[in-house]
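K.L.:
Supplied in structure tokens, the structure appears directly below.
Coordinate-derived values only; no laboratory data. Bear in mind that the values here come from a model prediction, so they are computed numbers and not experimental data. Neighbour counts run over all protein chains shown; Cβ positions are idealised from the backbone, glycine included.
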């Protein structure tokens with residue numbers, strides 16, 4: 001079974017702090033994604049990566065950056081956290097086998113920025 | 001741009017009864033895939049069922065089935081013999097044939113009453 005893990009389930013940070021969210025997958029998937037989930041808005045794509053060191057902006061990249069130095073690890077970085085970044089963050093991975101493939105999700109990190 | 005709409009923020013069903021969750025989408029593409037994901041409370045999001053647009057036959061997975069109406073751009077999820085474990089947030093998602101990105105609806109929170 002595919003396993004996607006995220007470094008923290010809950011995180012509390014102060015405004016202005018630099019925040020790192022880590023995601024690791026164990027199935028050698030080429031593609032990895034970061035979403036934020038907010039009530040009434042569903043999941044919105046922040047960034048995705050289709051290979052090591054490759055990244056593309058999603059729908060809401062402002063205030064975020066990402067890093068993918070190894071295939072199994074995809075990091076989301078909040079350079080200077082703000083209260084409007086309080087949210088649930090979900091990581092996902094996807095094999096490159098075709099459009100039929102499904103994304104596999106991590107358990108999520110609930111981030112509170114004070 | 002493609003959009004996915006879930007018009008029912010919350011639904012409730014009695015145990016052992018049948019419930020249908022609605023999803024509509026908008027696209028000009030001819031090649032695409034549709035997914036239903038389930039997110040149980042405090043647990044990882046998992047795939048429930050998926051449908052290829054070029055297939056006329058509705059997908060079925062045990063108690064879960066879809067009603068795919070391509071002309072109406074509708075993709076509803078039917079859960080038969082509802083169980084307490086079916087209580088979750090359900091997301092409808094769209095994926096174009098030429099992309100790895102998913103577009104999610106806003107979700108439907110399903111409660112199952114004993």
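K.L.:
Quick one: length gained pulling residue A:10 to residue A:50 fully straight, 0.36 nm per residue minus the C-alpha distance?
P.N.:
Gain on extension, residue A:10 to residue A:50, equals 11.7 nm.
K.L.:
So, one more: Between residue B:98 and residue A:62, what is the label-point separation in nm under the 7 Å Cα-to-beta-carbon projection?
P.N.:
Result: 2.9 nm between the two label points.
K.L.:
Here is a follow-up. Expressed as a whole number of Å, what is the distance separating the alpha-carbon centroids of the stretch A:25-93 and the stretch B:22-80?
P.N.:
24
K.L.:
Then there's this: Considering the convex hull of the alpha carbon atoms of the stretch B:18-112, report its projected area averaged over all viewing directions, in nm², one decimal.
P.N.:
Over every viewing direction, the Cα hull of the stretch B:18-112 projects on average to 6.0 nm².
K.L.:
Then there's this: Would you mind ranking B:68, B:35 so that the residue whose beta carbon has the fewest other beta carbons within 10 Å leads the list?
P.N.:
By the 10 Å Cβ count, ascending, the order reads B:68, B:35.
K.L.:
Please compute the average number of Cβ atoms from other chains found within 10 Å of each residue's Cβ in peptide A:29-38.
P.N.:
Across A:29-38, the average partner-chain Cβ count within 10 Å equals 2.
K.L.:
Which whole-number percentage describes the relative contact order of chain A, with Cα contacts under 8 Å and a sequence gap of 6 or more?
P.N.:
36
K.L.:
Then there's this: Considering only DSSP beta bridges whose two residues both sit in the protein assembly as shown, what percent are antiparallel, to the nearest 5?
P.N.:
90
K.L.:
What Kirkwood hydrodynamic radius do you get for chain A when you take the inverse of the mean 1/r over all pairs of distinct Cα atoms, in Å?
P.N.:
Across chain A, the inverse of the average 1/r is 14.0 Å.
K.L.:
Quick one: plug the Kirkwood hydrodynamic radius of the protein assembly as shown (C-alpha pairs) into Stokes-Einstein at 25 °C, 0.890 mPa s, and report D in µm²/s.
P.N.:
Numbers: Rh = 18.1 Å.
For the chosen part, D equals 135 µm²/s.
K.L.:
Rank these for me by crowding, A:10, A:50, going from fewest to most other beta carbons within 10 Å.
P.N.:
Ascending number of Cβ neighbours within 10 Å: A:10, A:50.
K.L.:
Could you list B:66, A:52 in order of exposure, starting from the residue whose Cβ has the fewest other Cβ atoms within 10 Å? List each step's numbers first, then the result.
P.N.:
Working: B:66 25, A:52 13.
In increasing order of surrounding Cβ atoms, one gets A:52, B:66.
K.L.:
Could you calculate the contour length gain from residue B:10 to residue B:69, that is, 0.36 nm times the residue separation minus the distance between their Cα atoms, to one decimal place in nm?
P.N.:
Numbers: separation 59, 0.36 × 59 = 21.24 nm, distance 2.25 nm.
In short, 19.0 nm is gained.
K.L.:
Under a GNM of chain A (C-alpha, springs under 10 Å), which listed residue has the highest mean-square fluctuation: A:89, A:47, A:104?
P.N.:
Top of the fluctuation ranking is A:104.
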